[in-house]
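For reference, the structure is listed below as structure tokens.
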């Protein structure tokens, strides 16, 4: 495994808001049925950053996120969040600690209204006043929440559903937002606004961990990059370093790229 | 002829309400868990026998007895879910559930045959054989009371599903299990309670069924085929569909019995299912797309 740097310090790519380690994976082995998809994954997610995991199909990206959110229990290794071990905890217990995941496939409750869907994001919050306050704040960040409040979620377009999913995941006021291939199934124009929204959530103070098939776009957005290959970490570094790494560029990004301006 | 058709429609609506209640339990279980509960028929008969036993041995009115039999069936449902359903693996749950619940059905049938013998029995109460004469039609009290009770319980289920936090977690689990887990819903617990509720309603349905029909344990086969036809016609997993389909099927059956022949009534019940499915493969209110994930 090549490790470029633990601290994000790529030239020309200052990393905003990178802080101490929020989530740490150490030697995580996990999989479905008999086989191991993750074969000893180790990396850290810095607080206040956007960490993007890239890698070919079957590298274990979605499995990794399932292990973080508690949908899958690791066989070996540890996942720690703010110093607390998460392995074996239920999705509910992990949510309560401030980690929310937006899954790859559209996951809105199609028969419920947009408003109900967003409220479901705060299912674990029993104080109705808190829920109402958060709903109001999130509706100001995501106008679609109030504009289409009464419409059934299933009637929204793919891009709109993604936005509502983002809005829903913020209802728990999470510290870490985990996004599994948010660009999946979106057209190029919607893709751009989706990535802008990820930036917006980041600017709102969330640490983001995302898996992205659209590796180039994901890494440009990210402060940190992790390359996963065959269930192991191949490379870590700042988003820019991974993006510009000649070998990685050739292997996963369709050829090495010229330097790009941040945020383009 | 005209008035006897109207009488048949009224009878169909009144009995359809009770079938709707039993079918609602079946479709709730399928909707939330992807479990096809073949034992629903025998649970109805179990409910009928419990009401019968309470009435004969303890002199408890069948309607009052529901305060005992509904919680009893709820607990039995939870026990069956815990003992058999929970152990099914995610991948082939639906197919395996048919076998497992069929086995549960055979076990309960055996226990009932030993306990009550195979002789037909019927629940008796003052309102079972009396009718009220209204607008020229005879309305049996048991049909009216049964329909009213079914309506009250269906409204209660509706209120539970749409007005409570638990209901929101049921509807979320019904629409997308993974997403439900990711917002913090304990889908396993929701499933267990839903199975209990789905079975509990058979106590009420069974009581009315047992008061309007002579039954023994084998009657459950006829019942489960009707209930499955109703929930498939209504669209698997759709509560409103089950209600509409139950009333439609029972009215159709009763009307055919009057205008044609009782011999054909049951056949038409299933013929209607085949015809509707050939036009609408997902049933009248099917939502296969919504459940694709």
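The values are calculated or read from the model by the stated rules, or taken from the named source; none is laboratory data. All figures in this text were calculated on a predicted structure; none of them were measured in a lab. Cβ: placed from backbone, ideal geometry, glycine included. Neighbour counts: every protein chain shown.
Quick notes on this one:
- Residues of segment A:91-109 satisfying the condition of being outside any helix (DSSP H, G or I) and at pLDDT 90 or above: A:97, A:98, A:99, A:100, A:101, A:102, A:108, A:109
- Checking A:239, A:263 one by one, the residue that is at pLDDT 85 or above and in contact with a helix residue (DSSP H, G or I) (Cβ under 9 Å, 6 or more places away or on another chain) is A:239 and no other.
- Residues being more than 10 Å from chain B (Cβ to nearest Cβ) and either over 20 Å from the mean Cα position of the chain (by Cα) or farther than 17 Å from residue A:25 by Cα (or both) - total across segment A:85-103: 1
- The listed residues are B:79, B:110, B:83, B:31, and the only one of them that is touching a helix residue (DSSP H, G or I) at 6+ places or on another chain (Cβ under 6 Å) and in a helix (DSSP H, G or I) turns out to be B:31.
- Failed item, numbered, when residue A:61 is tested on (1) more than 12 Å from residue A:231 (Cβ to Cβ); (2) buried (at least 23 other Cβ atoms within 10 Å of the Cβ); (3) away from every other protein chain (no Cβ under 14 Å): (1)
- Of all residues in segment A:70-77, none are closer than 26 Å to residue A:194 by Cα, within 17 Å of the chain's Cα centre (by Cα) and assigned to a helix (DSSP H, G or I).
- Residue in segment B:23-33 that is under 23 Å from residue B:257 (Cα atoms) and touching a residue at least 24 places away in the same chain (Cβ under 8 Å) present: yes
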